[in-house]
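Below you'll find the structure, written out as structure tokens, and then a few comments.
Bear in mind that the values in this text are calculations on the coordinates, not laboratory data. Being a predicted model, the structure only gives us computed values, none of them experimental. So basically every Cβ, Gly included, is an ideal-geometry build from the backbone, and we count neighbours across all protein chains shown.
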């Protein structure tokens, strides 16, 4: 799928979520968490995008349970039918991101996006994802503003 078609597909899911009064939850580790935070901030005034990046929540869940549950615990606490989940992972191997997808697949009524990866190494994947996040925002803003 071309980059523009991929951006359009994801933007359409986000737009649908907003039009149905849903919320988008976005999450990832390290640089992906920073990208998730940036993406959520871009949508201020357009729709509800929440980055699961609160350090107090993340560290308390990791401390009381385990690091692999830092996102799934937050999602289970706040998810409502009609929301959208977006997981960012450069490698696609982050266990804490994969657990959200497994739960979403098992629940069957939950839409999620395993954010696309393209590139030969981490840097290329991150550059691609960052560019794609921006394209998605531009499409959504144009249609929702």
For the stretch 47-113 and the stretch 1-44, distance of Cα centres in Å: 14 Å
Please arrange 38, 44 by counting, for each residue, the other beta carbons lying within 10 Å of its beta carbon, fewest first. 44, 38
Taking R0 as 25 Å, what FRET efficiency do you get between residue 2 and residue 121 from their Cβ-Cβ distance, rounded to the nearest 0.05? 0.70
Run the numbers for residue 141 and residue 66: contour at 0.36 nm per residue of separation, minus the present Cα-Cα distance, in nm. 23.3 nm
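Given the convex hull of the Cα atoms of the stretch 28-137, what is a quarter of its surface area in nm²?
7.0 nm²
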